[in-house]
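Trainee: Here it is: the structure, laid out below.
Just so it is clear, none of the values below were taken in a lab; they were calculated from the coordinates. This is a predicted model, so every value here is computed, not measured. Virtual Cβ from ideal backbone geometry, glycine too; neighbours counted across all protein chains shown.
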Amino acid sequence: MKIKYKYGLLLVDITLAYNGKSIVIENMVVDTGAAKTLISQDAVENIGLHVDLNDRIVTYFGIGGKEHAFRKQVDQIQIGDFTIEEVEVDFNDFGYEDINGLLGLDLLMKAGFNIDLLNLQMVRNG
């Protein structure tokens, strides 16, 4: 899958399905320094994905300090030719206008992506 290089970041688009609805989420940062995938709650509100009482609240610690997110199971995430069903993902008020989240190691490693920086591509093993 092709990687976009913008703002000095590596960006890809993913497709997320939740409760029978799906949405393409553009400009997810390929972030090998993030343990978990984190998606802007603004990017998914159009398909009815919101925090509710059954969601687990998690805390992130990083350079910017402490952040909170809610963890929710989604029906499916597709990244290029890789699809994963019934996966838990974190959502928060990401706070950037043109970046909609971080594609973390949890999904990058499950997919088995090799990141080819010379050709700006992510290719799966196997």
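Trainee: For region 36-62: of the residues being within 12 Å of the chain's Cα centre (by Cα) and in a helix (DSSP H, G or I), which is surrounded by the fewest Cβ atoms within 10 Å (Cβ to Cβ)?
Mentor: Per the stated criteria, the residue is Gln41.
Trainee: Considering only residues of region 42-79 that are of a type in the set (Gly, Ala, Ser) and touching an Asp or Glu at 6+ places or on another chain (Cβ under 9 Å), which is nearest to Asn19 (Cα to Cα)?
Mentor: By that ranking, first place goes to Ala43.
Trainee: OK, next. Would you pick out the residues in region 62-107 that are aliphatic (A, V, I, L, M) and in contact with a helix residue (DSSP H, G or I) (Cβ under 9 Å, 6 or more places away or on another chain)? Spell out the reasoning first.
Mentor: We begin by selecting, within region 62-107, every residue aliphatic (A, V, I, L, M); these are 63, 69, 74, 77, 79, 84, 87, 89, 99, 102-103, 105, 107.
Matches in region 62-107: Ala69, Ile77, Ile79, Ile84, Val87, Val89.
Trainee: Are there any pairs, at least 6 apart or on different chains, whose C-beta atoms fall under 7 Å, with the first in region 36-59 and among the small types (Gly, Ala, Ser) and the second in a loop (DSSP other than H, G, I, E, B), and if so, which?
Mentor: Short answer, once both residue conditions are applied: Ser40/Phe94; Ser40/Asn100; Ala43/Asn100; Gly48/Asn19.
Trainee: Could you pull out the residue among Gly33, Gly8 that is surrounded by fewer than 16 Cβ atoms within 10 Å (Cβ to Cβ) and at positive phi?
Mentor: Only one candidate qualifies: Gly8.
Trainee: Among all residue pairs at least 6 apart or on different chains, which show Cβ distances below 6 Å where the first residue, located in region 100-121, is loosely packed, with under 14 Cβ neighbours inside 10 Å and the second is part of a loop (DSSP other than H, G, I, E, B) and of a type in the set (S, T, N, Q)?
Mentor: Every condition considered, the pairs that remain are Gly112/Asn125.
Trainee: Take Ala69 and decide whether it is assigned to a strand (DSSP E or B), surrounded by 12 or more Cβ atoms within 10 Å (Cβ to Cβ), touching a residue at least 60 places away in the same chain (Cβ under 8 Å) and small (Gly, Ala, Ser).
Mentor: no
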